């Protein structure tokens, strides 16, 4: 996958001066050894500076982390810890490096330590959290942040996807080609919150894109891209006549990204795809969108800016392709009774169909085929609607999620884990039969009540815990999820 940061987490042990420094140092070494034994080398850097109640040592640790190219920090309380210098380190690191920080602490190993070499980091974590609040420092703190070497190693590993997302968003440029389609308020996007998150936004006209596309006519690289498309599509290449134009468009987007990335390291795109796109470009961009998204460069449709942002977050968290789908239609009772009831433990209202025209990458479809956009072809000639990638979405675990700004500029989000069922859809587009426990209640009391648009990002696997932590780290105060039966939503009728 392209367009994803590789994290190198610097671990800095801290020690209160009335505790033995060796206690923190030895516990830090044990933590690193436990991590590398379970997860391998390359993710961590063990900073040799142990901060003992010293702002000077804090500066030394900071300089060492910078020299070693660390792009995330773990402050490790091997004992009670120096609340001032340890949180000062977090503050200065976050400000200087514009990078994520976590805190965790050492548990006592055995009975023997209680008599003389007890660390009291359980207590120190409370003072650390208090001082982080005083300094206004956002830090990732695990659900239960105190553990032995192996448990802290697991905490560090769980921090990686959160760190990737937090780091990458500060270095992201979101390129749009708009405006949004006519009569389509759902993709309206107040962009203030994007700037608040540290995301740079470049808004362009559809006409700018059209001009760039024409400049790529006859590009010498087109045959190579066509050959790659043919290889990917295989027997599903049902519209070979459109591949040259699609290759020209793919090169247009890639060249635009390279020329406009500027000071940013990562890019996501929110593109226009109707109503004038088909008649002017002569195709629909769905397949090209799917190919870039499959490589780690999300391209959302319908100028869905927060959809592209959500896809990017899902990409860096999962380190895999994602997709953007409409939470689209109910599963007919006939289909449910024939293929789901009695075979899977889901109610009818737990199921729905996720769909989009053809933007899901080939690797996430069962039998991908290049076709035409059936809905658009109801009012346009078929030949200008070619370019969708159709097929049933591969069965397996999924996470449906979205980060969104409301019209009054508040960040909100939702996360729900479920699966794509191995059930034939008998439908068109990139489509799947989805099942999420208690989806009916989630649909009403989170999606409808929260005013979320119909687009949702889909990660292929269960990443709910990491995504929830990412949204917390970003300061999202309202994070909806599918509550289990018996746990009511605030707006749910108790009668």
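The values are calculated or read from the model by the stated rules, or taken from the named source; none is laboratory data. In this text the structure is predicted, and so the values were computed from the model without any measurement. Note: ideal-geometry Cβ built from the backbone for every residue, glycine included; neighbour counts use all protein chains shown.
Among the listed residues 339, 350, identify the single one that is touching a strand residue (DSSP E or B) at 6+ places or on another chain (Cβ under 7 Å) and in contact (Cβ under 8 Å) with a residue 60 or more places away in the chain.
350
Determine which member of the set 322, 303 is over 16 Å from residue 453 (Cβ atoms), touching a helix residue (DSSP H, G or I) at 6+ places or on another chain (Cβ under 8 Å) and in the same structural domain as residue 201 (by TED's automatic domain parsing).
Within the list 322, 303, the selection yields 322.
Can you run down the residue pairs with Cβ atoms below 6 Å, 6 or more apart or on separate chains, where the first is in region 92-108 and at positive phi and in contact (Cβ under 8 Å) with a residue 12 or more places away in the chain and the partner is crowded, with 19+ Cβ neighbours inside 10 Å and assigned to a strand (DSSP E or B)?
none
Of the residues that sit in region 279-311 and are part of a loop (DSSP other than H, G, I, E, B) and modelled with pLDDT of 95 or more, which one is surrounded by the fewest Cβ atoms within 10 Å (Cβ to Cβ)?
The extreme case among them is 296.
Can you tell me which residues in region 389-403 are in a strand (DSSP E or B) and either more than 15 Å from residue 306 (Cα to Cα) or at pLDDT below 95 (or both)?
Answer for region 389-403, where residues must be in a strand (DSSP E or B) and either more than 15 Å from residue 306 (Cα to Cα) or at pLDDT below 95 (or both): 389, 390, 391, 392, 393, 396, 397, 398, 399.
Please list, ordered by residue number, the helices (runs of 4 or more DSSP H) wholly in region 119-204 having 1 or more residues that are assigned by TED's automatic domain parsing to the domain that holds residue 74 and touching a residue at least 40 places away in the same chain (Cβ under 8 Å).
Correct list: 121-135, 149-169.
Let's see how each residue does on (1) closer than 18 Å to residue 164 by Cβ; (2) assigned to a helix (DSSP H, G or I):
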site	(1), (2)
7	yes, no
14	no, no
18	no, no
34	no, yes
38	no, yes
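When residues of region 327-374 are filtered for being crowded, with 21+ Cβ neighbours inside 10 Å and farther than 16 Å from residue 418 by Cβ, how many remain?
Here the count works out to 13.
Take the conditions over 15 Å from residue 454 (Cα atoms) and either assigned to a loop (DSSP other than H, G, I, E, B) or touching a strand residue (DSSP E or B) at 6+ places or on another chain (Cβ under 8 Å) (or both) and apply them to residue 328. Does it pass?
no
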